[in-house]
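What follows is a single structure, written as structure tokens, with notes after it.
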Amino acid sequence: LATDESTVQADAGGGAIALALGTKGTTGSGAVGVSHSTNTVGTSDSDRHQILAYVAATSSLVADGSVSITANSAPKIDSLSIAGALTGATGSGSKAVSLSGSGAASYNNIHVETKAYAGDDSPGASTGTGQITAETSVTIQATDQSKITADTVGAAISGSYSKGTSVSVVIGISIAHN
């Protein structure tokens, strides 16, 4: 029996607040909030986290009862990435400008190879069959129950007030890539 229950829990956050008060001319404020999270189990598709249960090609196994070769994989990634920005500008002058932006991103990958076998584990290999003799039954089973939960929030609020021209600009971005 080979079992893996790797768990990655990542929480990331960033925030910014800017307020401006003015009495003459132009009043301005700006704020940017950013949050980023990258989480992996295994390195890449070519270098996977391995969960292996096997009887080697050159081995033999004899059992009075049953034989079970089982590989279970259940890695989990739970990711939360939050970013926020708040701006405000007010003045008794002719112009008020506030700019607010936020971005939250979460990148998550699970690279797992789960195998249960007897003998050679690759096509075309010819080193042996891995001999298993059991009085009742032989069970070979591999399961993969990988799970990724990713929540991302990018929120921004901006407000401005003046006796003349008031301008507020808001940008909020949220990305989850699994």
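Stretching the chain fully between Thr165 and Thr70 yields a gain of 27.2 nm (0.36 nm per residue, less the alpha carbon separation).
In the elastic network of the chain, a GNM with C-alpha springs shorter than 10 Å, the most mobile of Val97, Val34, Val138 is Val138. How would you classify segment 1-53 from its alpha-carbon gyration tensor, with a ≥ b ≥ c the square roots of the eigenvalues: rounded for a/c under 1.5, else prolate if a/b is greater than b/c, otherwise oblate? The shape class here is oblate. A 1.4 Å probe over all protein chains sorts Ile157, Ile69, Ile173, Ile110 by accessible area into Ile157, Ile173, Ile110, Ile69, starting with the largest. Going through (1) 19.5; (2) 20.4; (3) 22.2, the figure that equals Kirkwood radius over Cα pairs in Å as computed for the structure here is (2).
Only Cα pairs under 8 Å and 6+ residues apart enter the sum, and on that basis the relative contact order of the chain stands at 31 percent.
Number of Lys-Lys pairs in the chain under 15 Å by Cα, sequence gap 8 or more or different chains? List each step's numbers first, then the result.
Numbers: Lys24/Lys95; Lys24/Lys163; Lys76/Lys147; Lys95/Lys163.
So the count works out to 4.
Computed from the C-beta positions of Asp151 and Leu21, the FRET efficiency with R₀ = 41 Å rounds to 0.70. Near the amide H of Ser174, within less than 5 Å, lie the amide hydrogens of Ala104, all on another chain or at least 5 residues away, with H placed in the peptide plane.
In this rough spin-label picture, where each label sits 7 Å from Cα along the Cβ direction, the Val138-Thr58 distance is 2.0 nm. In terms of packing, defined here as the mean over residues of other Cβ atoms within 10 angstrom, the peptides 139-152, 77-90 line up highest first as 77-90, 139-152.
Give the dimensionless ratio obtained when the Cα radius of gyration of segment 8-97 is divided by 2.2 N^0.38 Å.
Numbers: Rg = 28.9 Å, N = 90, 2.2 N^0.38 = 12.2 Å.
Ratio of Rg to 2.2 N^0.38 Å for segment 8-97: 2.37.
The values are calculated or read from the model by the stated rules, or taken from the named source; none is laboratory data. These numbers were taken from a predicted model, which means no experiment stands behind them. Here Cβ is always computed from backbone atoms with ideal geometry, including for glycine, and neighbour counts include all displayed protein chains. Each accessible area value is taken on the protein alone, full model and side chains, heavy atoms only, with ligands, DNA and RNA left out. Shrake-Rupley method; radii C 1.70, N 1.55, O 1.52, S 1.80 Å.
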